[in-house]
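Everything below concerns the one structure shown next.
The numbers here are math on the coordinates, done by the rules we state, and not lab data. Keep in mind the model is a prediction, meaning the values are calculated, not measured. Virtual Cβ from ideal backbone geometry, glycine too; neighbours counted across all protein chains shown.
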Amino acid sequence: AGAPQDGDDLNFFNICPLPFGCPSFTVVNDLNNLRVGELRFGDSASGDGDYIVNGNPLHLTRWVLVGIGSGGDTPQATVTLNCPVVLENDVRFHVAYGGWGGFPYDGQESRLFLNGAINLNGHDLDIVLDYNVQNSRSRVDVSGTISGVGNVLISASDGCTAQFNGAADNTFGGTLSFDGGSGGEKFILNKTGGAVTQGRLIIGGICRWNRP
């Protein structure tokens, strides 16, 4: 298909060559200043999948979907973004609930690891974490630093988890908000050094501080 062009959607959905037991997929972005439309990861046919993205910064213009947005037949997806991310518009990361939606595959967790630096670049970042009644849920771990100007909102359903890790300061100018559901969600502030936010912190849910 050739190298991606500016504005292309990157679709890593249903790319597993096997009927079940998908291998891990690792992608390296070796292009400079690549602007990406929609970014999608997951598999509806072959089961759970792991996806790793390394390399140069991705400039995001639309949304990122991890897993399948709805339905009872929902394989688990784990996505690790080691590459830096730059927002070119307000962007939503949607992490769908993991698991097949019934015993014995319920209670699984789709996960998004944001290990690369995040530049808000004057825009807002919205992270949505989904849950279903079989206790299949989702989680985000933010280890990369967040800089620039803009707001960060994490909306977590019951049973979902958002955790901030890492040793360096988040320097972004804006508000960090946690919007909880019915009380079973968890917001964990686990930075080993540095500040989670330089601005306002708004918490609607259960928050655990792992540092004094």
With label points built 7 Å along Cα→Cβ from the Cα atoms of ILE15 and ASP30, find their separation and express it in nm. 1.5 nm
Can you work out the FRET efficiency for the pair GLN198 and ASN89, with r the C-beta to C-beta distance and R0 = 25 Å, to the nearest 0.05? 0.60
Would you calculate the separation in nanometres between label points at THR171 and ASN56, each defined as 7 Å from the Cα along the Cα-to-beta-carbon direction? 2.3 nm
